[in-house]
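Asker: Have a look at the structure that comes next, please.
The values are calculated or read from the model by the stated rules, or taken from the named source; none is laboratory data. Keep in mind it's a predicted model, so treat the numbers as computed, not measured. No Cβ is skipped: glycine too gets one built from the backbone with ideal geometry, and neighbour counts run over all protein chains shown.
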Amino acid sequence: MQVYNMINSRHTPVESIRAIRPAQPQFQPYEVFGNPLNHGDPNLQCVPTRWSDVIIFFLGNYIAHAATVVQYPGSAPIVSIQNVFYALLFPVTGTTRGLKSIASCAVFYMHKSDLECAARAGALVKVVKLSDYARTDREKALMGRQDNRGWLRSGQVHGRIYVPRGYGLALVPKNSKFIEDTSKKGTNPQTVLSVEYNAIKILVAIGQLCFAITTLYRARGNQVDVYGYAAFGLTVTQYALMSFINLLGNLCCPQYSAVYLVKTHLMREAQNYDGIFEGVVGTLVEDTQNYERDTCEASQGGALRSMIKNSWRLPLVWVPTAISIIIIWALSRFRAGHSTVVQRAVLMAWLAVGSYVGAMGLEDRRHDSKEEERKRRRHRPLRLATIGIFAVPIIWGYIIVGQMLIHYGTCTVH
């Protein structure tokens, strides 16, 4: 019958033979929420996501951003790792460190003297009496080698030191003056300290900003149509903002691999009790009124008064989250798309929890007394459990982002 139709049809023999061939099965594209592989956008060309694509997305958009976090001078290695981990879970903590580096304005004091610049950057320490001064964890870590804490938990102090019992090390005030600075130019040589800009972090931050902008640009189109304001590309916002602020922080505050000792009357006093302080880089100009005020603020109860005095700064911690929300609104207009309630709730909780933890603070705090320090040690398991609870929406958010990446596919614009 088919041959008869071919003979009696008006088609040529070649066309008729082609018509006899069985129909080829059509390719069924990968589907997400009922949409074809290009999600209704003819400019998209998508393929199923591989695990390597998920790993690259996480490395480029989260982990690399956290690695740009600003590290303080002389930080112990374990503290540096901890800061990166906190920035990965709670980006606002990394943003806070960047804001502090910007506020130091240390780079603008380099033309005055290296000592003033180092004081602004938090790279100079002095000897204090433990009975008069409540130190932070960072200041305590500077004596880690003497306390046999091991190199991982010990801060880096330039020189050879031995601090006698009853004395410790603490950062000098940021507005400190030094005897070398008051001498006439040319009379005495100025102190020169080893300082550097962390070029690798600056370059990584610039690269990450470009990568994040590309991710956000891709999210503005079809991703938002599919997932609404829960689109996985929009979760990069707070991390990109952290990289930008850390980039400015690294530019405004030079980096020091160690902290340096400056001489005070308490150092001379400690030397009478077998104290050893080699590698001193300068002599602190000690104003009696400033010294008493500094000691008062860092003594018992002084930490609380200082916190109340500086409480107006707390809203600054929430600014990065507010900017992230504004960017998400501008790109998505808070449309729900095809995302679920759980996806939207978890990804918004990701932002909210990070802001709250940033306000609560994971930075070093002064211990008002030895009793307060012992109490903090007893409560350390509770503190770690609290951080674990706060980390739940972040980890859940990472899981949701991975699921979205697998479901959405790896897409390119053509």
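Asker: Within segment 72-93, take every residue that is outside any helix (DSSP H, G or I) and on the phi < 0 side of the Ramachandran plot and give me the one that is surrounded by the most Cβ atoms within 10 Å (Cβ to Cβ). It would help to see each step written out before you state the result.
Answerer: Within segment 72-93, the subset outside any helix (DSSP H, G or I) is 72-76, 90.
Among the residues that remain, those that are also on the phi < 0 side of the Ramachandran plot are: 72-73, 75-76, 90.
Details: Tyr72: 23, Pro73: 23, Ser75: 22, Ala76: 21, Phe90: 27.
Per the criteria, the residue is Phe90.
Per-residue answers, yes or no, for (1) at pLDDT 75 or above; (2) surrounded by 21 or more Cβ atoms within 10 Å (Cβ to Cβ); (3) within 25 Å of the chain's Cα centre (by Cα):
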residue: Asp147; (1), (2), (3): no, no, no
residue: Arg153; (1), (2), (3): no, no, yes
residue: Val157; (1), (2), (3): yes, yes, yes
residue: Val163; (1), (2), (3): yes, yes, no
residue: Thr182; (1), (2), (3): no, no, no
residue: Lys185; (1), (2), (3): no, no, no
residue: Pro189; (1), (2), (3): no, no, no
residue: Ala212; (1), (2), (3): yes, yes, yes
residue: Phe232; (1), (2), (3): yes, yes, yes
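Asker: Residues that are touching a residue at least 60 places away in the same chain (Cβ under 8 Å) and assigned to a helix (DSSP H, G or I): does segment 119-126 have at least one?
Answerer: Yes, there is a match, as at least one residue in segment 119-126 is touching a residue at least 60 places away in the same chain (Cβ under 8 Å) and assigned to a helix (DSSP H, G or I).
Asker: Looking for something β-branched (Val, Ile, Thr) and under 23 Å from Ala240 (Cβ atoms) - is there at least one such residue anywhere in segment 105-125?
Answerer: The initial filter retains those residues of segment 105-125 that are β-branched (Val, Ile, Thr), namely 107, 125.
Of the ones still in play, those that are also under 23 Å from Ala240 (Cβ atoms) are none.
No, segment 105-125 contains no residue that is β-branched (Val, Ile, Thr) and under 23 Å from Ala240 (Cβ atoms).
Asker: Hey, another quick one. Within segment 44-54, can you find the residues that are part of a helix (DSSP H, G or I) and within 15 Å of Met404 (Cβ to Cβ)?
Answerer: Here is the first cut: in segment 44-54, the residues part of a helix (DSSP H, G or I) are 51-54.
Trp51, Asp53, Val54 - these are the residues of segment 44-54 that are part of a helix (DSSP H, G or I) and within 15 Å of Met404 (Cβ to Cβ).
Asker: A follow-up question, please. Just checking, which of Ile395, Ile389, Ile400 is modelled with pLDDT of 85 or more, crowded, with 18+ Cβ neighbours inside 10 Å and assigned by TED's automatic domain parsing to the domain that holds Phe58?
Answerer: Numbers: Ile395 fails: crowded, with 18+ Cβ neighbours inside 10 Å; Ile389 fails: crowded, with 18+ Cβ neighbours inside 10 Å.
Going through Ile395, Ile389, Ile400 in turn, just one is modelled with pLDDT of 85 or more, crowded, with 18+ Cβ neighbours inside 10 Å and assigned by TED's automatic domain parsing to the domain that holds Phe58: Ile400.
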